[in-house]
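Everything on this sheet refers to the single structure shown next.
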Amino acid sequence: MAALTAPRSTPEKIGPERAVPLAANAKVYQGGMVQIAASGYGVAAVATAANVTVGMARETVDNTGGAAGAVSVKTRRGVFRFGNSAAGDAIGRTEIGKTVYVVDDQTVAKTDNAGARPAAGKCFDVDANGVWVEFL
């Protein structure tokens, strides 16, 4: 594509929400983290390093028995509270502002487990009920 020589009308998407087409046989629960798998389709968040975490599911969507892309889940970026990992991977206040990592669709950890876990987002805050994760 050549460089512009005149004004261009550039489409944009505004807002923190998006629809993510689900992978075949994927099921995502409302309130859980959602990822894009290597296939390019959405899945419930898991500790698979190749996946990219994109936000929190606004609804439960079940594509069991469906083809990839047959249904989509609405996701949202923002700051949401998830469960804190245990023992040496528990997130404390010293991790605020740092990247935290996916354990499962409702739990985050301090480390990437030697590269096995994908990033969830940034630690926004930590309280007695969990870890506030910011999805950008």
(message) Output wanted: per-residue J couplings in Hz (rounded whole) for segment 3-18, from phi through Karplus 6.51 cos²θ - 1.76 cosθ + 1.60, θ = phi - 60°, x for Gly and Pro.
(response) 5, 5, 10, 7, x, 10, 8, 9, x, 9, 10, 10, x, x, 9, 8
(message) On alpha carbon coordinates alone, what is the Rg over Rh value for the chain, Rh being the Kirkwood radius?
(response) 1.06
(request) Please identify, among S85, S72, S39, the residue showing maximal mean-square fluctuation in a Gaussian network model of the chain using a 10 angstrom Cα cutoff. (result) S39
(request) Mind checking the full-extension length gain between A86 and V71? Use 0.36 nm per residue of separation minus the Cα-Cα distance, one decimal, nm. (result) 2.0 nm
(request) Note down the nm distance, to one decimal, between modelled labels 7 Å out along Cα→Cβ at V79 and at T64. (result) 3.7
(request) Using DSSP to define loop residues, name the trypsin sites (Lys or Arg not before Pro) in segment 1-71 whose beta-carbon has at most 10 other beta-carbon atoms within 10 Å. (result) R8, K13
(message) One quarter of the convex hull surface, Cα atoms only: what value does that give for segment 78-135 in nm²?
(response) 3.4
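No lab work stands behind these numbers, since they all come straight from the coordinates. The structure presented is a predicted model; accordingly, all values stated were derived computationally and were not measured. Cβ: placed from backbone, ideal geometry, glycine included. Neighbour counts: every protein chain shown.
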